[in-house]
Amino acid sequence: MLLPVKMCYAYAIVHRDVGNKVLESLHREGFMQMEYLENHSFLKKLERIDVEERFREAYTQMDSVRAVYSRVGRRKGDLIKSILHPPEKIKFPAERMDGDALLKKVEEFMEEVGKEILAVEEKLEKIEGELETLKTHRKWVRNLLNLEFNLKYLGDSPYLYIRAGFVKDLEILLEKTAKLPVAIWYSEIKQKKKTVGWNVVILALHKNRKEVESALRFASFEEYDLRGYEGKPNEVLKKIDERISSLTEERKNLLNIIKKSKEKNWEKFAKLWDELYNHRQREIARNKMLGTKYCDVIGGWIRKRDLEKFRKVVEESSEGLAVVKWREAKDGEDVPVDYDNPRFIRPFQAFIDMFSPPKYRDIEPTVIVAIAFIIFFGLTLGDAFYGLILLVGSILLLRAGKTSWTYRTLGKIMIPCSISTIIFGFLGGNFMGPLDERNPWVRFFAIFGVKIPTDIKYPLDSIRDPIFILLISLIIGLFFIILGITLGAYQDLKRKNYLTFIQGRVSWYLLIPFGGALIGEFFGWWGLSGTMKLVSIILSLVGLCLLFEIPDIVIKFRSGEIKGVKAKVGYVLGKIMNFFDITGFIGNWLSYARLLALSLATAGLAMTINVLADIITSMFGNLLNLLQIILGVIIIIVGKKFKPFKKFLFAVGIIEIIVGAITFALGFIDPTAMYFGFGVFFALFFAVAHFGNAILQALGSFVHSLRLQYVEFFSQFYEGGGRKFSPFRERRVYTYLEAKK
């Protein structure tokens, strides 16, 4: 934690006869990042270009088959169902194969299956290309249905120039061609009762072509290139529809051939694919090796804690015909970075990778980022009910994450954030908004005679006591900025950048407490004794001298590095610009006030939803149940556009219509009956409105909590620019190795 894993550069000198065996063992164990070896005069490259090319060619062929198979068999079920019950990823048992035997099997597979599948794919691409063209032509022909003429005349003849297309400004076209011997047919195009352009057919003498083309350009002409068709638009449209229908059926048949081939040959393909991928990776790695006539040298970066494991693997796989050497990473060397965090913190490493991995020996702040993000997220969202919604969503993401790293990681990040939101929600008294008399839960329990107290003073109530939340936000901000400065100071001392440490870090250690004390006294927030005030003034001036890099100026002037009056004045003026570091510091600090702003936004919008529900009740009375019928119809209509939720929204719409109709009728007989309808309406209203507010505010909390890390916190110490540790290991997507008995 706080520092990357210690790495070392290790290499093994092995006898040529066991080189491949050692390489396979390291590939299987997967703890070394293979690197091009440091060259020595007595070593030479072990290039096996012909072998690698054979594997590359085989891999390319199989990848083409894989792309074709990916066309079919995709899951298109209900989105909710796919999240609640994610498909199990089927893996086949497999055994390792010798390279030559593998290439032979790939060749046989391509001969038996691959050639046919790739031929089908070629036909499919031609059909799909033609379908796209036909759909475009169909759209153009439909635009010309009101213009009766034979499309075969479009184009050029010895005497005539005929074009069809779309113009945005018909008046300009008519004006520009008024004095030319042309004929123009046109029809209006409207969208939402508004004219958006015109379909035109223009006929002119060939000798006037240039003038006509100039007029068309002024009118923003887009040509319908329908040359090659014969007949009137309605006749051509019929032919195009017939051709589209024929090609669609042919495409369906070809896809069915692919589907049957996949069902029959997928297991064989999957085994060959995984094995081929791993063999090719080993050949690429082998080309990074060096050696002599009798020895191979395998080297790369490993975690220092894996050094003993490396020795053991090499010795066992080489049967003792090997020598293992290693060295520590050198200063300035481009060492890959691996993290060392507890299991529950690891998902937050994605945030560091999104920004940029740290350099080796620099601070690795995942732990700090994780803790801060969880606190910031909970404080800014701060509603217990919204936290419960997110918690359920996070658990569903984890379920869906069985086959998706993104879903799994996001789910693991959001679970602690959801719990933090629930805790801060209870501390702030927010459960679907503030717990006042308009809160839906207060109203609901009141029906059963249970009174939820609404006059409790909660410790983190952003609505009733925003100044206290602002104060907490600023304290948190000051803490994290000072923490960032401290981490930066540690890195400066470690790199022996003593001048930067004194001027860039010590200056703030003096300015923040003592400058802050003087500012507080100036505004009357507190008083200072005479001695304390004098000490604060002196140390603040020292801090300013360091901030404006006075020591650096003195060193440069005394050493004669900067000569001439103009150069010295310019250098001093440049240092004076460091004044903006103070305004930048204040800006970064005040930026943490967004913790209050987002908390207020969440509680304020939730309270607005509750108030709006109260207004609707008082305004509409029993008519509210009639509005439920209309609302139910709208839900059904709109739900058709959201296919994943179509069935669910249809059911909700039907319930709204039935309940609204019954309670509207009964409301005239017994006024208490209409309140049942109110309950159903508001259950839906609150569910939709508060769910929407929860998602909207959660997105805001996520983005701004991350922003406080990337901008305000990282700017104090973090540089990034490292590269992630990527060990050389086997990858099996479709298969697993059977354990040897």
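The values are calculated or read from the model by the stated rules, or taken from the named source; none is laboratory data. Everything numeric here is computed off the predicted structure, so don't read it as measured data. Here Cβ is always computed from backbone atoms with ideal geometry, including for glycine, and neighbour counts include all displayed protein chains. SASA here: full protein model, heavy atoms, side chains in, ligands and nucleic acids out. Shrake-Rupley method; radii C 1.70, N 1.55, O 1.52, S 1.80 Å.
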If I take the Cα coordinates of the range 227-310 and project them onto the principal axes, what are the three extents in Å, biggest first? 80, 35, 31
For the charge dipole of the chain, defined by +1 on Lys and Arg C-beta atoms and -1 on Asp and Glu C-beta atoms about the Cα centroid, which residue among G530, L174, V297 has the Cα displaced farthest towards the positive pole? V297
Quick check: at a probe of 1.4 Å, how many percent of the accessible area of the range 277-327 sits on carbon and sulfur atoms? 50 percent
Would you give the gap between the C-alpha center of the range 598-615 and the C-alpha center of the range 154-202, rounded to a whole Å? 55 Å
Quick one: Cα centre-to-centre distance for the range 282-357 and the range 369-446, in angstrom? 41 Å
Where in the range 472-564 are there chymotrypsin sites (Phe, Trp or Tyr not before Pro) that are in a DSSP coil and have at most 13 other Cβ atoms within 10 angstrom of their Cβ? F523, W525, W526
Accessible surface, the range 170-316, averaged per residue in Å² (probe 1.4 Å): 58 Å²
Simple Cβ-charge dipole of the chain, Lys/Arg +1 and Asp/Glu -1, about Cα centre, in debye nearest 20: 540 debye
Sum -39500 (n - 2.57) across every DSSP H segment of at least 4 residues in the chain, then divide by the residue count to get the 222 nm mean residue ellipticity, nearest 500. -19500 deg cm²/dmol
P(r) for the range 413-517, please, calculated from all Cα pair distances in 10 Å bins and given in %. 13, 26, 21, 18, 12, 7, 3, 0
Probe 1.4 Å, heavy atoms of protein chains only: per residue, the accessible area of the range 359-496 in Å² is 46 Å²
For the range 150-210, what size does the Cα cloud have along each of its three principal axes, sorted from largest down, in whole Å? 42, 27, 14
Straight-line reach only, C-alpha to C-alpha below 15 angstrom: list the aspartates and glutamates that K312 could link to, leaving out same-chain residues fewer than 8 apart. E24, E29
Based on the Cα coordinates of the range 329-482, what is the per residue volume of their convex hull in Å³? 136 Å³
Got the relative contact order for the chain handy, in percent, Cα pairs under 8 Å and 6 or more residues apart? 22 percent
Once you treat every alpha carbon in the range 174-327 as an equal point and sum by Debye, what is log10 I(q)/I(0) at q = 0.13, 0.19 Å⁻¹? -0.89, -1.24
Centre separation in Å (Cα based) which lies between the range 528-591 and the range 461-493: 24 Å
Classified through the alpha carbon gyration tensor (a ≥ b ≥ c as square roots of its eigenvalues; rounded if a/c is under 1.5, else prolate when a/b is larger than b/c, else oblate), the range 394-456 comes out prolate
How much of the DSSP bridge set in the chain is antiparallel, in percent, rounded to the nearest 5? 90 percent
Over all pairs of distinct alpha carbons, what does the Kirkwood formula give as the hydrodynamic radius of the range 481-530, in Å? 12.1 Å
With every atom except the alpha carbons ignored, what do you get for Rg and Dmax of the range 175-262, in angstroms? 20.3, 66
